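Read the structure below first, then the notes.
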Amino acid sequence: MNALDVLADEFATHRSHLVAVAYRLTGTVSDAEDAVQESWLRIAGLTDAQRAAIIDHRAWLTTVVSRICLDRLRSAAVRREQYVGEWLPEPIVTPIGNAPSPDPLEAAVLDDGIRLAAMVVLDKLTPEQRVAFVLHDAFSVPFAEIGEILGCSAAAARQHGSRGRRALADADPPPRVALAEQQAILEKFTVALLSGDIRAVAEVLHPDVVLIGDSNGKARTTRQIMVGADKVIRFFQGLLRKYQPDAFDRSSPVLVNGDLGFYIPAVPEPTAGFPPVDAHVDAVSIRDGKIVAIYDIANPDKLTRLTNPAS
């Protein structure tokens, strides 16, 4: 093999790590994949002498990916000013019970920090806080190196990381619970909802449960954050009255960023007088046996990777 083939083989061993870094930093699959691909182009474009001067390829590539993601985060703040409604991270949806996938993103979701509840909190940080916190706390990158990425001193990078850590602690996203517990709670919720047993639905929902929808105006979901069990119950009751009775029966359980959720396939044409149904991916966050957050992702741009996720 020539030198570039050897480099490509080495790069493949780092790919899962780089994708995990990039997705955690951006919350967007396409941005993560683009950043990793760009890092390959950059290292492959170096001369043999330049590559020989790199002491640690993994660390060098992590730095390159982080700088690309930092630029994406800064430009995303501008793009989201035009975003319709709330913005949620792009979900990583995987089938339940299938053999392990070679997809590095599917491997990354095993990390507790990539669960949707944690990713939502990360999106509230400034780009600098997010980069410093993620790189140091999740990937053990020294603050001196983070400072070089951010263009600041190590002390300033440490402060960014501390603020990010404090924001995460204040938000207190629930830790991941066992899949068996998730399954029992979601089954109780869906059975009660579809049967119209409002009291049973209320028993599963935390009184201050939040429902967050993400569509960018391209699909039907709530555009405002909905807070409170009563409001959430009325919202779902309205959906059940509006759409054909079997629309939700066709939903399939899937893993959403490693936690149990649902995939609702689209019904693009009106049926029996009922309106079309948009594709949705729903995930929940659970604390102390109750659902504290529901994430409804309906933006079709974030569901392009879903061909048949339940199969």
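The values are calculated or read from the model by the stated rules, or taken from the named source; none is laboratory data. In this text the structure is predicted, and so the values were computed from the model without any measurement. Don't worry about glycine lacking a Cβ; one is built from the backbone with ideal geometry, like all the others, and counts go over all protein chains shown. Quick note on the areas: whole protein, heavy atoms, side chains included, nothing else; ligands and nucleic acids left out. Shrake-Rupley method; radii C 1.70, N 1.55, O 1.52, S 1.80 Å.
Quick notes on this one:
- When only Cα pairs below 8 angstrom with a gap of at least 6 residues are kept, the stretch 78-172 shows a relative contact order of 22 percent.
- Per residue solvent-accessible surface (Å²) - the stretch 133-234, probe of 1.4 Å: 53 Å²
- For the chain, size of Cβ-based charge dipole, Lys and Arg +1, Asp and Glu -1, in debye: 780 debye
- Here the mean projected area of the convex hull built on the C-alpha positions of the chain is 17.7 nm².
- Between helix 229-242 and the chain: long-axis angle, C-alpha atoms, 0 to 90°, nearest 10: 70 degrees
- Taking the centroid of alpha carbons for each part, the stretch 284-307 and the stretch 138-157 are 32 Å apart.
- Antiparallel bridges, percent of DSSP beta bridges restricted to the chain (to nearest 5): 80 percent
- Span from the the stretch 185-238 Cα centroid across to the the stretch 245-279 one, whole angstrom: 15 Å
- Rounded to the nearest 20, the size of the Cβ-charge dipole of the stretch 172-311 about its Cα centre is 280 debye, with Lys and Arg at +1 and Asp and Glu at -1.
- Under 5 Å, built H, 5+ apart or other chain: amide partners of residue 254: 261, 262, 263
- Sites matching trypsin sites (Lys or Arg not before Pro) across the stretch 88-142 that sit in DSSP coil, with at most 14 neighbouring C-beta atoms within 10 Å: 124
- The stretch 1-108: chymotrypsin sites (Phe, Trp or Tyr not before Pro) in DSSP coil with no more than 16 other Cβ atoms inside 10 Å: 83
- Residue (of 216, 92, 248) at the positive-pole extreme of the chain, dipole from beta-carbon charges: 216
- Summed side-chain charge close to residue 119 - residues other than residue 119 whose Cβ falls under 10 Å, Lys, Arg +1, Asp, Glu -1: 0
- A cut-off of 5 Å between modelled amide H atoms, ignoring neighbours fewer than 5 places along the same chain, links residue 287 with 292.
- Here the Gaussian network model covers the chain, with springs between Cα atoms less than 10 Å apart; of 146, 297, 43, 43 fluctuates the most.
- Note on the chain: Lys pairs 8 or more places apart or on different chains, Cα atoms under 20 Å apart, count 7.
- Whole-Å distance, taken between Cα centres, linking the stretch 1-20 and the stretch 56-87: 22 Å
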